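Step one of this worksheet: look at the structure below.
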Amino acid sequence: MLEDGSRLNGDSIFRWLVTAAGIGVLLLLGGIILVMIGGGMKAFETFGPSFFTTSVWNPVTQHFGALAPVFGTIITSLIGLAVAVPLAFGAAFWLTQMAPARISFAVGMAVQLLAAVPSIIFGMWGFSVIVPLIARYVQPTLHHWFGHVPVIEALVAGAPFGTGLMTGGLILAVMIMPFVTAVMCDVFTSIPAVLKESGFGLGATRWEVMRNVILPWSRSAVVGSVVLGMGRAMGETMAVTFVIGNANKIGWSLFAPGNTIASLIALEFPESPAGSVKLSALMALGAILMGLSFIALAISRVLLGVSGKKEGR
């Protein structure tokens with residue numbers, strides 16, 4: 001009787017502990033959102049809807065707009081994902097399905113070590129290596145070949161300084177690729193071997209097994225890894241600050257200098273007096289950044305739901 005009572009008491013305590021942990025996470029998230037929105041309310045009230053539609057950021061005239069950093073955040077994140085996701089998928093597939101065990105272990109450890117490198121190191125490396133390559137070879141070559149092609153000429157225009165949106169996106173790709181690769185490797189490794197063996201037994205090739213067996217089984221986790229990489233890309237600060245040019249303007253060229261929300265906050269926050277409109281504008285940018293992350297997560301959930309319904313049919 002005592003033993004049963006102790007067990008019931010232990011279950012009750014455990015239930016309350018995990019419930020408190022779940023509620024605590026929600027309260028923490030809600031508190032962060034309230035602080036960001038409350039801190040940015042002064043900027044929202046001062047500038048109104050124009051805060052979202054103007055790219056001006058002038059501390060002298062106290063006129064601030066979020067369009068330029070939002071534009072830079074979205075463009076650099078999309079460039080980073082466009083480069084990192086295919087590389088991460090290929091690396092994860094090779095490590096889990098094709099590479100010998102010893103090589104897979106060694107390369108897998110290298111990927112994990114790459115994920116542990118501080119972001120400022122990536123920024124210094126990008127400024128020392130990637131920026132000169134972009135300035136001396138990549139942009140001049142692209143401008144030579146596509147500088148007279150309609151539409152594309154706007155994407156490669158500008159002086160070859162090496163810093164800009166493309167460079168920021170490439171640095172983000174290098175940074176988020178280890179995270180996406182690690183998650184995909186764990187997912188591909190956890191797939192029951194009987195599923196893959198059944199596909200091979202029916203005469204399917206490696207690509208057919210990947211497309212028809214592995215990807216459908218791990219779809220949610222793969223999309224989750226991409227969203228994780230996007231969140232890391234949107235919130236990256238120092239590495240992007242080194243290579244993006246830090247210009248609060250919008251340009252169609254991929255090599256034009258720009259800015260991101262995280263980079264702008266890191267640069268301007270120490271010089272923002274308490275209670276100022278500038279500080280409120282930075283807090284508002286933080287709220288917008290959180291909103292962009294939530295939108296990306298919501299889109300991924302919608303896409304998963306649509307693909308699941310199609311497969312169900």
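The values are calculated or read from the model by the stated rules, or taken from the named source; none is laboratory data. Because the structure is a prediction, the values reported are computed rather than measured. Glycine gets a Cβ as well: all are built from the backbone with ideal geometry, and neighbour counts include every protein chain shown. Note: accessible area is taken over every heavy atom of the protein model, side chains too, but ligands, DNA and RNA are not part of it. Shrake-Rupley method; radii C 1.70, N 1.55, O 1.52, S 1.80 Å.
Residues are listed down the side, and each one gets a yes or a no for (1) in contact (Cβ under 8 Å) with a residue 12 or more places away in the chain; (2) touching a helix residue (DSSP H, G or I) at 6+ places or on another chain (Cβ under 8 Å); (3) of a type in the set (S, T, N, Q); (4) over 25 Å from V129 (Cα atoms):
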site	(1), (2), (3), (4)
A204	no, yes, no, yes
A221	yes, yes, no, yes
M230	yes, yes, no, no
T237	yes, yes, yes, no
G258	yes, yes, no, no
I261	yes, yes, no, no
L267	yes, yes, no, no
P270	no, no, no, yes
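Limited to the stretch 43-70, what total is found for residues that are under 25 Å from T167 (Cα atoms) and open to solvent by less than 50 Å² (accessible area, probe 1.4 Å)?
Final tally of qualifying residues: 8.
Return the residues of the stretch 202-220 that are open to solvent by less than 40 Å² (accessible area, probe 1.4 Å) and either part of a helix (DSSP H, G or I) or touching a strand residue (DSSP E or B) at 6+ places or on another chain (Cβ under 8 Å) (or both); say none if nothing qualifies.
V209, M210, V213, I214
Give me the helices (runs of 4 or more DSSP H) completely within the stretch 57-137, filtered to those with at least 1 residues that are modelled with pLDDT of 90 or more, ordered by residue number.
The helices (runs of 4 or more DSSP H) meeting that bar are 67-93, 119-125.
Of the numbered conditions (1) among the small types (G, A, S); (2) surrounded by fewer than 17 Cβ atoms within 10 Å (Cβ to Cβ); (3) under 29 Å from the mean Cα position of the chain (by Cα), A20 fails exactly one; give the number of that condition.
Every condition holds for A20 apart from (3).
Inspect the stretch 160-177 for any residue being open to solvent by less than 70 Å² (accessible area, probe 1.4 Å), of a type outside the set (F, W, Y), in a loop (DSSP other than H, G, I, E, B) and under 30 Å from A92 (Cα atoms) and give the result as yes or no.
yes
Against the conditions (1) open to solvent by less than 50 Å² (accessible area, probe 1.4 Å); (2) over 14 Å from M175 (Cα atoms), where does G123 fall short? Just the number, please.
(2)
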